[in-house]
Amino acid sequence: MTEEPCQCPDCQRFYKEHDRLIREFPTLKQQQELNWASIQSFRTLTGKVTEELQKQLSDKHSESSTDDTQKIEESEITSALEELDNVNAYLFSIEALMEKIFDIKVSSNIEEKFKEISKELAPDPLNIDRLILNRLFHQTPDLPDKRDFK
């Protein structure tokens, strides 16, 4: 017996994004490029935030105040910097794996198979056939309830 997908808002947002990424990037090459860009943007943003926090922490040390609020802020920044160092280490590891994934090449016939399967995995939710099917299973706001036609 298969488990039903979680219906919480976070999971629903994930499923929607998951399907969108499959629809918009349906080939191996596109998925490789998408993931590489995603990792690089994550590293860039994390690196910049780390730099800013290090600068902020350095500025706080140069003020040399013993204010309790400042000590809390320094502790929070130090803790965040430690966590961001871990994130950056993980991202470097992922990048190393992605380099291996980029070594994989497939023929255009196989790329077509990727496109074909992507349509099965994540059909376009705005496709008219999909909309009609959804209306058969669920009441939608844009389709009046049957009892309104009496």
Rounded, prolate or oblate (a/c below 1.5 giving rounded, otherwise prolate when a/b exceeds b/c) for region 90-130 by Cα gyration tensor: oblate
Cα centre as origin, Lys/Arg/Asp/Glu Cβ charges: region 9-137 dipole, Debye: 920
Burial ordering of Asp85, Asp59, fewest other beta-carbon atoms within 10 Å first: Asp59, Asp85
Region 9-137: C-alpha gyration tensor shape, a/c 1.5 cut-off, then a/b vs b/c: oblate
Rel. contact order, % - alpha carbon contacts under 8 angstrom, at least six apart, region 1-107: 37
GluC sites (Glu not before Pro) restricted to DSSP loop in region 2-47 with at most 16 other C-beta within 10 Å: Glu3
Which of Phe42, Phe92 has the fewest Cβ neighbours within 10 Å, and the rest in rising order: Phe92, Phe42
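Every read-out reported here was derived from the displayed coordinates using simple, explicitly stated rules and does not represent laboratory data. Please read all numbers here as calculations on a predicted model, not as lab measurements. All Cβ positions, even for glycine, are placed from backbone atoms using ideal geometry, and neighbour counts span all protein chains on display.
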